[in-house]
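Participant: Can you keep this structure in mind? I'll have questions shortly.
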Amino acid sequence: MSVALNNSAPVTHRLGDEWLMAYAAGALSEGQSLLVASHLSFLGDAPARLATAEAAGGALIDDLAPDLMAPDALAQTLARLDMAEPAVASAARPATGEDPLPVPLRDWLGRGVDELKWGFLGPGMKKVKLWRGGPNDQRLWMLRAQPGVKIPKHGHRGTELVLVLKGSFSDPHGGFRPGDVEESDGARMHALDIDEGEECICLALTEGPIRFESWIARAIQPFIGL
Amino acid sequence: MDRDKTSAAASAELAEEMAALLAAIARDGDRTAFARLFGHYAPRVKSYLRRLHVEERQAEDIAQDVMLTVWRKAGQFDPAKASAGTWIFTIARNRFIDTVRRERRPALDPDEPMLLPEAPRPADDSMAAGQIGARVHQAMSALPPDQAEVVALSFLEGLPHSAIAERLDIPLGTVKSRLRLAFGRLRAVLEDLQ
């Protein structure tokens, strides 16, 4: 048993291995891939587990009936071997400092958490939309909530994945800390309580617009844009 | 039983040969080794891309590009971590996502400060290269057909879980549990190697 360097507790809510398999297969959308890669960044055994999932792809490729290559394919490729490798402009990685974003997410954003354009979500809550696409109208966004904030009961049309990056929250299904993911079926309505102590930053992937239970929340819902 | 043994031995031998070719490329820039590796993997990478519905011309181009990357990065191949087939699969998959789906998919960063240090690996032995390939191969061919089917739809057609459920007309939860079971079997087989 070992403990992540900058977390005081190990990850207790892991995504199921079917997500790892889909990530390895390249069968996830861009938004889902970002969330899964971010989650894996908190898990020490992720590289080994990912290698296991990717091994399935290797075995399948080994067993595929080979396709016919162009007659001059090898000659063409051999001719290119001496060409210099195109220089890949590697974007300067922003300094980590106290930034809670895992590397895959920070690389994708190209900036830190305080440089994002946070917008109003509700009292004590801010959000930033990151991506929208894939099947089932997926939306990837981040939530930043003050300690003690209560997020009203809500659901979605499909799967909701919430990865904690900083702070923690609780709901009837348990306590969620950095690295933990809560996966909920959209039909199930749930409310979240942000724990006291420090702000909470989460990466969320939702399908379809948020559906709030209370009429007050529903009334402001059109302005949220999620 | 005998046939299984023969095919396991054959796949171990092939995996070992492919790993040796990659080592020769990394060490000596060996073009003959590259030609042999190309002859084996380029047509399979193209076949994989065709399964993902990439059109003929583009699949040909990407397969050649993938092999060029294999040449350039041969030094990064670690036979203690993966078989040559698995390593080449990951390059092909990433290239497919980049160029066909045009998505930005950041990979895990091995230098990620949050990642725990990995357990120390056993000393690099020449057995590993063929062993990993053969074991995975064995585990994959021993998968129950319903698990093998969802793994193939996931990896070879790139279908999301929901699309697999629709295609097979089974509940989403069944797709997920079959993939979890398949992963568990692979993991059990590879565990004592890692």
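Participant: What is the interface area between chains A and B, defined as buried accessible area summed over both chains with a 1.4 Å probe, reported in Å² to the nearest 100?
Facilitator: Between A and B, the summed buried area is about 6600 Å².
Participant: Subtract the Cα-Cα distance of residue B:80 and residue B:146 from 0.36 nm times their separation in residues, and report this length gain in nm to one decimal.
Facilitator: Numbers: separation 66, 0.36 × 66 = 23.76 nm, distance 3.04 nm.
Fully extending the segment from residue B:80 to residue B:146 adds 20.7 nm.
Participant: Could you tell me what fraction of 2.2 N^0.38 Å the Cα radius of gyration of chain A comes to, as a two-decimal ratio?
Facilitator: On the way: Rg = 20.7 Å, N = 226, 2.2 N^0.38 = 17.3 Å.
Chain A yields a ratio of 1.20.
Participant: Where is the GNM fluctuation largest for chain A (alpha-carbon springs, 10 angstrom cutoff): A:104, A:66, A:135?
Facilitator: A:66
Participant: Taking 0.36 nm per intervening residue step and subtracting the Cα-Cα distance, what contour gain separates residue A:187 from residue A:215 on full extension? All intermediate terms of the calculation are to be shown ahead of the outcome.
Facilitator: Values: separation 28, 0.36 × 28 = 10.08 nm, distance 1.78 nm.
Extra length from residue A:187 to residue A:215 when fully extended: 8.3 nm.
Participant: Okay, moving on. Under a point spin-label approximation (7 Å from Cα along Cα-to-Cβ), what is the residue B:55-residue A:129 distance to one decimal in nm?
Facilitator: Distance between the two pseudo-spin positions: 3.3 nm.
Participant: I need the calculated FRET efficiency for the pair residue B:188 and residue A:136, taking r as the beta carbon distance and R₀ as 45 Å, to the nearest 0.05. Working shown, then result.
Facilitator: Numbers: r = 33 Å, r/R0 = 0.73.
After rounding, the FRET efficiency stands at 0.85.
Participant: Can I ask one more? Once you've got the GNM for chain A with C-alpha springs shorter than 10 Å, pick whichever of A:59, A:73, A:187 has the biggest mean-square fluctuation.
Facilitator: Taking springs between Cα atoms under 10 Å, the residue moving most is A:73.
Participant: What's the local net charge at residue B:149, with K and R +1, D and E -1, over the other residues with C-beta under 15 Å away? If you can, show how the numbers build up before the last one.
Facilitator: Values: positive: B:51, B:167, B:176, B:178, B:180, B:185; negative: A:18, A:63, B:146, B:157, B:166, B:169.
Computed value for this residue: 0.
Participant: Where a ≥ b ≥ c are the square roots of the eigenvalues of the C-alpha gyration tensor, would you call the stretch A:34-86 rounded, which needs a/c under 1.5, or, failing that, prolate if a/b is larger than b/c, or oblate?
Facilitator: oblate
Participant: Let me ask something else. So what's the net charge close to residue A:191: Lys and Arg +1, Asp and Glu -1, counting the other residues with Cβ under 9 Å from its Cβ?
Facilitator: -1
Participant: Pull out a ≥ b ≥ c, the square roots of the eigenvalues of the alpha-carbon gyration tensor of the stretch B:1-102, then state rounded if a/c is under 1.5, prolate if not and a/b is larger than b/c, and oblate in the remaining case.
Facilitator: oblate
Participant: Could you work out the local net charge near residue B:14, counting Lys and Arg as +1, Asp and Glu as -1, over the other residues with Cβ closer than 14 Å to its Cβ?
Facilitator: -2
Participant: With a/c under 1.5 counting as rounded, go ahead and sort the stretch A:105-182 into rounded, prolate or oblate using the C-alpha gyration tensor (a ≥ b ≥ c being the square roots of the eigenvalues; past the cut-off, prolate if a/b is larger than b/c, else oblate).
Facilitator: Because its axes are fairly even, with a/c under 1.5, the stretch A:105-182 counts as rounded.
Participant: Mind telling me which of A:206, A:12, A:77 comes out most flexible in a GNM of chain A, alpha-carbon contacts under 10 Å?
Facilitator: Comparing A:206, A:12, A:77 in the GNM, the peak value goes to A:77.
Participant: Restricting to Cα atoms and excluding each atom paired with itself, what does the Kirkwood estimate give for the protein assembly as shown in Å? If you can, show how the numbers build up before the last one.
Facilitator: Values: mean 1/r = 0.0438 Å⁻¹.
One over the average 1/r among Cα pairs gives 22.9 Å for the protein assembly as shown.
The values are calculated or read from the model by the stated rules, or taken from the named source; none is laboratory data. The model shown is predicted, which means the values in this text are computed figures rather than measured ones. Heads up, the Cβs are rebuilt from the backbone with ideal geometry, glycines too, and the neighbour counts pull from every protein chain shown. Remember, those area values only see protein heavy atoms, side chains included, never the ligands or the DNA or RNA. Shrake-Rupley method; radii C 1.70, N 1.55, O 1.52, S 1.80 Å.
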